[in-house]
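Chemist: A single structure is presented below for examination.
The values are calculated or read from the model by the stated rules, or taken from the named source; none is laboratory data. Given the structure is predicted, the values throughout are model-derived calculations rather than measurements. FYI the Cβ positions are ideal-geometry reconstructions off the backbone, even for glycines, and counts take in every protein chain you see.
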Amino acid sequence: MAGYLEQLKKRQEAAQESVPEEEQAKPTEEMSDEELEEAITATRRQLLDAQHAELREREITRVTGAGEASLSPATDTTLQDVLREKQRTKRRTWR
């Protein structure tokens, strides 16, 4: 659990660093309606991307039965590979 919290903090710091300083310096009161809508849309996309990545990691971990050690970003196994292997070993229902 501690490893997960550390990863979450690192991701938050990386997300804050990846935003250009020009966007951070401008307060929302000075933004036009179009700029606010674009900022909201971009933020929602980033959040959804992060959620999808986390769900993929959790599903890979759940399906493979691996521990927290496999949650590192250096994992070469993709969800598609895991699901392909599960499909290959799946028991046929008509037998």
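Chemist: Cβ-Cβ below 9 Å, separation at least six or inter-chain, first residue in region 48-61 and under 16 Å from Leu83 (Cα atoms) and surrounded by fewer than 11 Cβ atoms within 10 Å (Cβ to Cβ), second among the aliphatic types (A, V, I, L, M) and at pLDDT 90 or above: which pairs?
Modeler: Correct list of pairs: empty, since none qualify.
Chemist: May I pose another question? If a residue has to be modelled with pLDDT under 80 and in a helix (DSSP H, G or I) to count, how many in region 69-84 make the cut?
Modeler: Looking only at that region, the number is 4.
Chemist: Can you give me the ranges of the helices (runs of 4 or more DSSP H) entirely in region 1-68 with at least 1 residues that are modelled with pLDDT of 85 or more, over 24 Å from Leu79 (Cα atoms) and among the β-branched types (Val, Ile, Thr)? Reasoning before the result, please.
Modeler: Details: elements: 2-18, 21-25, 33-64.
Answer list for region 1-68: 33-64.
Chemist: I've got another one for you. Could you list, ordered by first residue, the pairs with Cβ atoms under 9 Å in which the first is in region 29-44 and closer than 17 Å to Ala15 by Cα and the second is part of a helix (DSSP H, G or I) and of a type in the set (Lys, Arg), at least 6 apart or interchain?
Modeler: As it stands, the answer is none, since no pair meets every condition given.
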